[in-house]
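For reference, the structure discussed in these notes is given below.
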Amino acid sequence: MTTTASAAAVAEMIETGTFGPDSRFVSFALDGQHTERDQFASSVLYGTVAVEDRYYHHQSHRLVFKFKHPMPEMRDLIKNDKQFHNEILFYERIAPFLLACCSQGDGDDTATPSLCRYFYGHNDCGDLAPRDMIVLENESDRGYRSAVTEHRLCLDFEHLIVAIRSLAKFHSLSYRAKHMDRMKFMDLVIKVKDTQWDDDGQWLVIGRRIEDLLFLALDTLKVRRGNGGEDDQRAQRFRTELLADTMKTLRRVMEPVEPLSVLCHGDFNRNNLLFRYDDGGRPVDALAYDMATVRYGSPALDLSFFLYMNTDRRTRDDHWDALLDAYCETLATAAGDVPVPDRGRLDVEMREHAFYGLAHGAFFLRIMLEEKKPIDPLEFVEMTNDEVLKVLLSFGGELATEWVADIVQHYLDTSYAKT
């Protein structure tokens with residue numbers, strides 16, 4: 001995207017009254033500290049627009065402009081049209097309804113999640129796809145920024161607690177909305193489009209080869225521990241019960257099951273989180289953005305994805321219970337008198353649905369741990385599943401293999417624990 005494209009977006013916003021019915025253009029410039037960067041699913045630019053009303057009062061807005069991927073092949077592969085549909089649906093219809101239900105309920109109104117301010121969006125698709133856009137406020141004006149941590153993949157415990165409390169607040173909105181007006185809530189979430197499955201039943205870009213990544217992790221665990229014992233029994237159950245038909249397993253765990261299903265973020269990960277810090281540099285709030293992959297399902301979808309993607313082995317060993325306890329505590333506080341799952345029920349949800357986070361982690365962690373070469377998503381477009389698998393197995397080296405093995409071990413320990 002260019003300055004011309006974003007300037008045209010500003011002109012369109014002024015014409016449609018986004019900044020007020022009488023607003024007039026004063027100036028627009030891309031922010032000097034930001035440059036265009038094509039992300040995996042979109043192009044993002046940052047700019048500042050100044051407008052004035054009929055009384056010549058000036059307003060300045062720092063904005064984030066999100067455009068679809070410039071390559072048609074990538075737009076099709078990553079389902080850009082559906083992603084933009086979901087994000088616009090969320091900000092224009094779902095979020096206002098959820099927040100209205102929150103303000104009318106009996107819960108703690110101060111326990112609502114922080115969300116981006118939405119200005120404008122359209123999703124015309126087809127030949128007009130290059131001009132489709134979503135415009136949000138630049139949340140740095142409210143003090144939010146990317147996580148300040150030593151590890152580029154993991155979050156430390158302070159950031160994890162803040163993020164998981166934010167997630168609990170977000171999930172609480174669904175429970176309160178279903179309590180207040182279930183029919184309208186379901187009418188809205190049914191409009192969310194699936195962004196993970198294609199018409200042929202292919203999942204993401206690797207489809208039925210995800211089990212190969214998990215088989216590799218199981219083989220690594222076997223080398224670690226040797227033969228025999230309870231771990232072998234768990235691994236065998238995992239192979240026969242879940243990996244015999246991985247696509248069927250994924251579809252099952254992603255299917256909503258009442259009464260605990262919520263509107264999930266779908267990609268709740270440090271890459272989609274901004275944090276606000278106190279004067280001492282400690283995180284005090286987290287704001288999730290990029291609502292393109294929202295979906296209705298178990299809260300364990302978001303929880304397992306977040307915890308497997310953003311913690312290392314030691315953090316899970318030391319803090320897993322504390323993190324889930326914090327989630328349940330915040331969820332109950334935010335929901336007020338509305339019934340929500342307690343820790344016991346949440347553990348059941350995790351056993352039944354955490355395969356979602358495990359499968360995604362096995363795929364994405366290898367990409368995120370790759371340091372030797374840049375990742376070009378376009379290289380996946382023309383590849384077969386076997387070719388994609390070969391490339392993925394080259395990413396991240398032995399570190400990625402060990403990392404995925406760690407999350408598989410944790411899944412075996414928690415999902416197949418003796419009751």
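The values are calculated or read from the model by the stated rules, or taken from the named source; none is laboratory data. All values derive from a computational prediction rather than experimental measurement. So basically every Cβ, Gly included, is an ideal-geometry build from the backbone, and we count neighbours across all protein chains shown. Side chains are part of the model used for accessible areas, which takes the heavy atoms of the whole protein and leaves out ligands, DNA and RNA. Shrake-Rupley method; radii C 1.70, N 1.55, O 1.52, S 1.80 Å.
Put the Cα centre of segment 161-199 next to the Cα centre of segment 65-98 and the gap is 17 Å.
Mean projected area of the convex hull spanned by the Cα atoms of segment 272-355, taken over all viewing directions: 7.0 nm². The charge dipole of the chain, taken about the Cα centre with unit charges on the Cβ atoms of Lys, Arg (+1) and Asp, Glu (-1), comes to about 320 debye, rounded to the nearest 20. As a fraction of the 1.4 Å probe accessible area of the chain, surface on carbon and sulfur atoms comes out at 50 percent. Computed over all pairs of different Cα atoms, the Kirkwood value for the hydrodynamic radius of segment 249-315 is 13.4 Å. In the context of the full set of protein chains, residues of the chain present 45 Å² of accessible surface per residue (probe radius 1.4 Å, heavy atoms only). Computing FRET efficiency as 1/(1 + (r/R0)^6) for ALA50 and GLU230, where r is the C-beta to C-beta distance and R0 is 56 Å, gives about 0.30.
What you get for segment 91-229, charging only the Cβ of Lys and Arg (+1) and of Asp and Glu (-1), is a dipole of about 440 debye around the Cα centre. Our coupling estimate for segment 143-158, obtained by passing each phi through the Karplus curve with A = 6.51, B = -1.76, C = 1.60 and θ = phi - 60°, is x, 8, 8, 5, 4, 9, 9, 6, 9, 6, 10, 7, 10, 6, 4, 4 Hz, Gly and Pro reported as x.
To the nearest whole percent, what portion of all C-alpha pairs in segment 167-315 is separated by more than 26 angstrom? Mind showing how you got there, number by number?
On the way: 4540 of 11026 pairs.
Tail of P(r) above 26 Å: 41 percent of Cα pairs.
Axis of helix 3-15 versus longest Cα principal axis of the chain: the two differ by about 60°, to the nearest ten degrees. Shape class for segment 142-252: oblate, because the ratio a/c of the largest to smallest gyration tensor axis (alpha-carbon atoms, square roots of eigenvalues) is 1.5 or more and b/c is at least a/b.
Convex hull volume of the C-alpha atoms in segment 147-189, normalised per residue: 78 Å³. Ranking LEU128, GLY143, SER114 by Cα position along the charge dipole of segment 101-187, where only Lys, Arg, Asp and Glu carry charges on their C-beta atoms, puts SER114 farthest toward the positive end.
Enter the mean projected area of the convex hull around the alpha-carbon atoms of segment 295-419, in nm², rounded to one decimal.
Numbers: hull surface 38.3 nm².
With the hull built on Cα positions only, its mean projection is 9.6 nm².
Measuring r between the beta carbons of ARG237 and VAL348 and using R0 = 25 Å, the FRET efficiency lands at 0.90. Taking amide H as placed 1.01 Å from N in the peptide plane, LYS68 has its amide H under 5 Å from the amide H of SER43, ASP132, each at least 5 places away in sequence or on another chain. Taking only alpha carbon atoms, segment 60-187 gives an Rg to Rh ratio of 1.01, where Rh is the Kirkwood radius. Rounded, prolate or oblate for segment 276-320? Axes are the square roots of the Cα gyration tensor eigenvalues, ordered a ≥ b ≥ c, and the cut-off for rounded is a/c under 1.5. Since a/c reaches 1.5 but b/c is at least a/b, the shape of segment 276-320 is classed as oblate.
Treating the angle as unsigned and between 0 and 90°, give the value, to the nearest 10°, between the Cα long axis of helix 397-415 and the longest Cα principal axis of the chain. Orientation of helix 397-415: about 80 degrees from the principal axis. Highest mean first, the peptides 64-73, 191-200 sorted by other C-beta atoms within 10 Å per residue fall in the order 64-73, 191-200.
Between the alpha-carbon centers of segment 397-419 and segment 231-274, tell me the distance in whole angstrom. With segment 397-419 and segment 231-274 each reduced to a Cα centre, they are spaced 14 Å.
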